[in-house]
Amino acid sequence: MRKNIVAGNWKMNKTLQEGTALARDLQTALHGKTLQCEVVICTPFIHLTSVAGVIAGSKVQLGAQNCADHVSGAYTGEVSAAMVASTGAQYVILGHSERRAYYGETNAILKEKVKLALENNLTPIFCIGEVLGEREAGTHFEIVKSQIEEALFGLPEDDFHKIVLAYEPVWAIGTGKTATPAQAQEMHAFIRRTIIDKYGDGIANDTSILYGGSANADNAKELFSNPDVDGGLIGGASLSVEKFLPIVEAF
Ligand code: PGA
């Protein structure tokens, strides 16, 4: 069954103390509520272990924002998928546009990261999306399709089945410029058709496709009401309970 998911991407924000306090406040705010979605927070690496302790037994799940493309060894400064999993995290964001743009992550590198995440029982939240020039040139469908094909379509069915996708038009990230609900639905439906062509209806209909890019309390309900939008990957608005809670409750 396809899951609704609201995942916070804290990016490079919050000290350890601020992050554990936010996690504690969030789990307190959600306590006793009946939710229509899974709630995930994706924190910086150094927060994972502490936040895992804070949210243990609560409705909040934990994810990292990246992992290495190697198993282990002499890769100074890197953090492996096994290390992420050993903190208790269940999710890992992979292929975020900021990683692609600033750290040179290619579809080929991401393919390795996805493989290692899955081997360590982490659920990848795999990000795809076009930049503004590509949308203006009308190549956005092609770009998104190639990101999925090159990084994910080598996976056997059983493994693809474990992937969560996040469509994040790069021009909407952190800009306050959200895709319209119609633009989001159009692309999400295209992504689902692309998956149908490769893996069939069953797997495609089970795949959660999240929207990301300036999603907030005011637009979440309308975005999530689209049949192919199964939740959100939330950056700026995940940094306070006040802004994040209404998005979780938009389902
Ligand atoms: P934003 O970020 O919500 O701040 O636009 C979303 C993301 O990059 O995941």
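The values are calculated or read from the model by the stated rules, or taken from the named source; none is laboratory data. These numbers come from a predicted model, not from an experiment. Positions of Cβ are generated from backbone atoms using ideal geometry, with glycine treated the same way; all protein chains shown enter the neighbour counts. Note: accessible area is taken over every heavy atom of the protein model, side chains too, but ligands, DNA and RNA are not part of it. Shrake-Rupley method; radii C 1.70, N 1.55, O 1.52, S 1.80 Å.
Values computed for the structure shown
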{"read-out": "J(HN,Hα) series, the range 88-99, from Karplus relation 6.51 cos²θ - 1.76 cosθ + 1.60, nearest Hz, glycine and proline x", "value": "x, 5, 10, 10, 8, 6, 10, x, 4, 4, 5, 5"}
{"read-out": "Fraction of accessible area attributable to carbon and sulfur, the range 5-248 (%, probe 1.4 Å)", "value": "51"}
{"read-out": "Within the range 45-138: Cβ-based charge dipole about Cα centre, in debye rounded to nearest 20 (Lys, Arg +1; Asp, Glu -1)", "value": "260"}
{"read-out": "Integer Hz, Karplus 6.51/-1.76/1.60 couplings in order for the range 173-190, x for Gly and Pro", "value": "7, x, 9, x, 9, 8, 5, 5, x, 5, 5, 5, 4, 4, 6, 4, 5, 4"}
{"read-out": "Inter-part distance where the range 7-84 and the range 104-171 are each reduced to a Cα centre, Å", "value": "21"}
{"read-out": "Accessible surface, per residue, of the chain when the full set of protein chains is kept, probe 1.4 Å, Å²", "value": "44"}
{"read-out": "Karplus-derived HN-Hα couplings along the range 20-27 (A = 6.51, B = -1.76, C = 1.60, θ = phi - 60°), whole Hz, x at Gly and Pro", "value": "5, 5, 5, 4, 5, 5, 5, 5"}
{"read-out": "Label point distance in nm, residue 13-residue 240, each placed 7 Å from Cα along Cα→Cβ", "value": "1.0"}
{"read-out": "Cut-off under 5 Å, modelled amide H: who pairs with residue 231 long-range", "value": "5, 211"}
{"read-out": "For the chain, with +1 on Lys and Arg beta carbons and -1 on Asp and Glu, the positive-most of 181, 155, 48 along the dipole", "value": "48"}
{"read-out": "√(5λ) per eigenvalue of the Cα gyration tensor, the range 161-251, largest first, Å", "value": "24, 13, 11"}
{"read-out": "Cα shape, the range 1-160, gyration tensor, a/c 1.5 rule", "value": "prolate"}
{"read-out": "Candidates 229, 170, 79: whichever shows maximal mean-square fluctuation once the chain is modelled as a Gaussian network with Cα springs under 10 Å", "value": "79"}
{"read-out": "Cα pair distances of the range 145-210 binned at 5 Å [whole percent]", "value": "3, 16, 28, 24, 13, 10, 5, 1"}
{"read-out": "Calculated over the range 68-182: convex hull of Cα atoms, volume per residue (Å³)", "value": "128"}
{"read-out": "Value of [θ]222 nm, deg cm²/dmol, for the chain, DSSP H segments ≥ 4, -39500 (n - 2.57) each, nearest 500", "value": "-12000 deg cm²/dmol"}
{"read-out": "Sequence-distant residues sharing a close amide H with residue 40 (under 5 Å, placed H)", "value": "6, 7, 8, 61"}
{"read-out": "Cut-off under 5 Å, modelled amide H: who pairs with residue 80 long-range", "value": "68"}
